[in-house]
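The values are calculated or read from the model by the stated rules, or taken from the named source; none is laboratory data. All values derive from a computational prediction rather than experimental measurement. Note: ideal-geometry Cβ built from the backbone for every residue, glycine included; neighbour counts use all protein chains shown. The accessibility values were calculated without ligands, DNA or RNA, using every heavy atom of the protein model including side chains. Shrake-Rupley method; radii C 1.70, N 1.55, O 1.52, S 1.80 Å.
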Amino acid sequence: MSDALSDPQVVAQVLGGDREAFGIIIRRYEPGLLRFATRMLGSHDAAADAVAESLVRAYRHLAQCRDPVRLKSWLYRITGNRCRSHIGRRHTSDISLEDAPPVADPADTWAVLERSEQLVLVERALAALPEEKREAFVLKHVEGMSYEEMSAVTGARIPTLKMRVHRAREALLEALKELV
Amino acid sequence: MTDIDPRLQEALDGERDSATLPPELRDAFARLTVATRLLAQPPAISVADRVMAEVRRSKRASVAHRWAHWLAQPRAVTVRLRPVWTLALAAGLAAVVLLPGGGQPVAPGAQEGVAQFVGHFPGARSVEVVGSFNDWQRGALPLRDEDHDGIWHGAVVLPTGQHEYMFVVDGERWVADPLAGRYVDDGFGAGRQNALLIVRP
């Protein structure tokens, strides 16, 4: 089994009955999906649940992926929907960060600790954004997607996405005055 | 929240070289760049084993299995008619299916029915139906156009209840049956809809 296969080739292989080939899709997209879900939900545990549910759903409905060339967008769309569903089930209106802050290891250097503190600051600022702006910012700047890809993921129009990204940047700059 | 300089937005969109920004904007650019680098670290977790365990557990009933099940069961049938110009064809089919063996109706009470699909796709090389009833698998239900008039048709036995489906034209174009009458969101966002079919006993 080769990871050099294109997405449509892997999809065809899975639909042809080779279940193990789905592992290629997981290896290819799991890191990004987990990062996206973690930034959306603010919790590794919730993100793991959301991504696992999304990938299982993707497997079961793989034949519904109408354009396997755009498998990545399809997977992000499913994961984004699943994240929204998780957020909707929460009682609080905003997302929470990880339950416990990272514990300092005596071996950590000052630079590592500073970086860790910076990350907490950035995560808090991101978590304070409204869901749609948070999603737009993460897809654009963390996942490095084009506006066309973002449109395929979210279903929103490109001008709308640009406005969300711009507003998210403004809010983050305001919140991150202490950064650097 | 205050509006930020359009030049900074352009640099962040990759439309302007950040080196051309004035010093006061470079600081803001650096802050957002640091923030995105921090957020870009992938979390050190994996769900691969969990997902693959579920994938290996999943079972899909084969088309052959479903046909074998159908052949073994008594049933009443429902013929789904859509375009007016198929009425005669469908009525003929219904007569054959409903009244086998010299006009004795099949005993009612079974939990399946016949769904007939008809679509007008002039010039198409192939048309097939994929749906919730065949796990959206391609190749399971091809339609036929023997006289090459662009009218594609086919029939399948389905369990009673609601089924979502789509036509796939030429292997790549997904089309919601324009004559379905009922539609549901496909559940993957982007506002796309599947056609809805209701099979009654």
* To do: Extending each Cα 7 Å along its Cβ direction at residue A:148 and residue A:89, get the distance between those two points in nm, one decimal.
  => 3.6 nm
* Asked: PRE reach from residue B:160 (point 7 Å along Cα→Cβ): which of segment B:114-129 fall under 15 Å by backbone N?
  -> B:114-115
* Hey, for a label at residue A:60 modelled as a point 7 Å past Cα toward Cβ, could you say which residues of segment B:146-183 have their backbone N under 18 Å away? => B:162-165
* Asked: If you rank A:82, A:134 by how much accessible surface each has, with a 1.4 Å probe, what is the order from largest down?
  -> A:82, A:134
* Structure fact -> Under the 7 Å Cα-to-Cβ spin-label approximation, residue A:114 and residue B:26 lie apart by a distance in nanometres of 1.9 nm
* To do: Once you have the Cα-Cα distance between residue B:125 and residue B:7, take 0.36 nm times their residue separation minus that, and quote the gain in nm to one decimal.
  => 37.3 nm
* Structure fact -> In nanometres, the difference between 0.36 nm per residue of separation and the alpha-carbon distance of residue B:34 and residue B:18 is 4.4 nm
* With all protein chains present and a 1.4 Å probe, how do A:29, B:183, A:76 order by accessible area, largest first? -> B:183, A:29, A:76
* Asked: For residue B:173 and residue B:144, what is the calculated FRET efficiency with R₀ set at 22 Å and r taken between the beta-carbons, to the nearest 0.05?
  -> 0.75
* residue B:156 - accessible surface, heavy atoms, 1.4 Å probe, Å² rounded to 10 -> 20 Å²
* Structure fact -> Here the averaged projected area of segment A:1-95, based on the convex hull of its alpha-carbon atoms and given in nm², is 5.9 nm²
* Accessible surface, 1.4 Å probe, highest first, among residues B:192, A:35, A:167 -> B:192, A:167, A:35
* **Protein heavy-atom accessible area occluded, A/B pair - total, 1.4 Å probe, Å²** => 5000 Å²
* Structure fact -> Heavy-atom accessible area of residue B:141, protein chains in place, probe 1.4 angstrom, given in Å² to nearest 10, is 20 Å²
* Would you mind checking segment A:3-22 for residues with the amide N under 11 Å from a putative spin-label position 7 Å along Cα→C-beta of residue B:56? => A:20
